[in-house]
1. Taking only pairs six or more apart or across chains, which ones have beta-carbon atoms under 9 Å, a first residue in the range 96-109 that is of a type in the set (Asp, Glu), and a second residue that is surrounded by 21 or more Cβ atoms within 10 Å (Cβ to Cβ) and outside any loop (DSSP other than H, G, I, E, B)?
2. Within the range 184-231, which residues are surrounded by fewer than 16 Cβ atoms within 10 Å (Cβ to Cβ), at pLDDT 95 or above and assigned to a loop (DSSP other than H, G, I, E, B)?
3. Restricting to the range 146-183, give me the number of residues that are in a loop (DSSP other than H, G, I, E, B) and surrounded by fewer than 18 Cβ atoms within 10 Å (Cβ to Cβ).
4. Could you tell me whether any residue of the range 136-144 is of a type in the set (Phe, Trp, Tyr), under 17 Å from the mean Cα position of the chain (by Cα) and crowded, with 22+ Cβ neighbours inside 10 Å?
5. Just checking, how many residues over the range 68-95 are surrounded by fewer than 16 Cβ atoms within 10 Å (Cβ to Cβ), modelled with pLDDT of 90 or more and either in contact with a Lys or Arg (Cβ under 7 Å, 6 or more places away or on another chain) or within 16 Å of Thr186 (Cβ to Cβ) (or both)?
6. Checking the condition at pLDDT 95 or above and either of a type in the set (Lys, Arg) or open to solvent by less than 20 Å² (accessible area, probe 1.4 Å) (or both), which residue from Phe129, Phe99 passes?
Amino acid sequence: MISFSTTSRGVSLGLRHATRRHASSSSSATSKVFADPKSAEFLAAAASASSIPRLHGLPEVIVTGRANVGKSTLLNAVLGRRNLLNTSKKPGRTQTLNFYRVGPPPGHLILVDAPGYGSRGRPEWGELFDYYVQNRAELRRVYILFHAKHGLNEVDRMMLSSLDEQCQASAGLKFTVQGIITKVDTLRDNEISKAIKSIQKDIFEAAPTCLPPIITSALEQPHYGVDQVRRSILEACGLGKAEATVYRPP
């Protein structure tokens, strides 16, 4: 079990070009599911295993990461909303499993926002996350976020290793794991390639089954990588085609 106890710069030309290529190939399924941002709705918050809601069997994905990694900002961008999820500069704002329906009723899928882990988290948050991952039949993919500027620390590696073991134990049939690199716009142009390569290496060393990480920037317009996150969610939930992209500098 993992215990949960813890001005933008320009994005490099190579990353901009890669992102534009992905955006131009956006599928009709992505457009359909995320077409109406106003239809996304908060459904429930679970502070304990007994309060985890039953939501009619819709496929679910859960998003976690170290506190203050930009999780709420990214998820708002994915849902096409500015403040459906509360954002805060103070780490540890999310303290429950928060369930959001994507699409008008009855919905297409459920997005679950998990509390941040690390020095700002709490042990009971980790216990709740572990219970959900181990027991939720509707779970299709776990996304784990990493700050582009900070990379991975030991707690990140422990989390990845734990999820990787569970994924291998079920041969990937229960759920899959994918990393998302956030806040790439906090890096200087000449830092991006080295930072991303280092994070990719650290992810795959800790979790060989982890899918290639998605590179994102969601704080300011234009967003980068958000459509790719959407397509990944749809693929995980059986609503779109698989796509795996590894960033390679020009």
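1. From the range 96-109, no pairs qualify.
2. The answer is Pro208, and nothing else.
3. Looking only at the range 146-183, we keep the residues that are in a loop (DSSP other than H, G, I, E, B), and these are 148-153, 170-175, 183.
Restricting the remaining residues to those that are surrounded by fewer than 18 Cβ atoms within 10 Å (Cβ to Cβ) gives 149-151, 153, 170-174.
Number of matching residues: 9.
4. Here is the first cut: in the range 136-144, the residues of a type in the set (Phe, Trp, Tyr) are 143.
From what's left, under 17 Å from the mean Cα position of the chain (by Cα): 143.
Next, only the ones that are crowded, with 22+ Cβ neighbours inside 10 Å stay: 143.
Yes; the residues of the range 136-144 include at least one that is of a type in the set (Phe, Trp, Tyr), under 17 Å from the mean Cα position of the chain (by Cα) and crowded, with 22+ Cβ neighbours inside 10 Å.
5. Adding up the residues that qualify gives 0.
6. On the way: Phe129 fails: at pLDDT 95 or above.
From the options Phe129, Phe99, the qualifying one is Phe99.
The values are calculated or read from the model by the stated rules, or taken from the named source; none is laboratory data. None of these values were measured; they are calculated from a predicted model. Counting neighbours? That spans all protein chains shown, and the Cβs are built from the backbone with ideal geometry, glycine included. Each accessible area value is taken on the protein alone, full model and side chains, heavy atoms only, with ligands, DNA and RNA left out. Shrake-Rupley method; radii C 1.70, N 1.55, O 1.52, S 1.80 Å.
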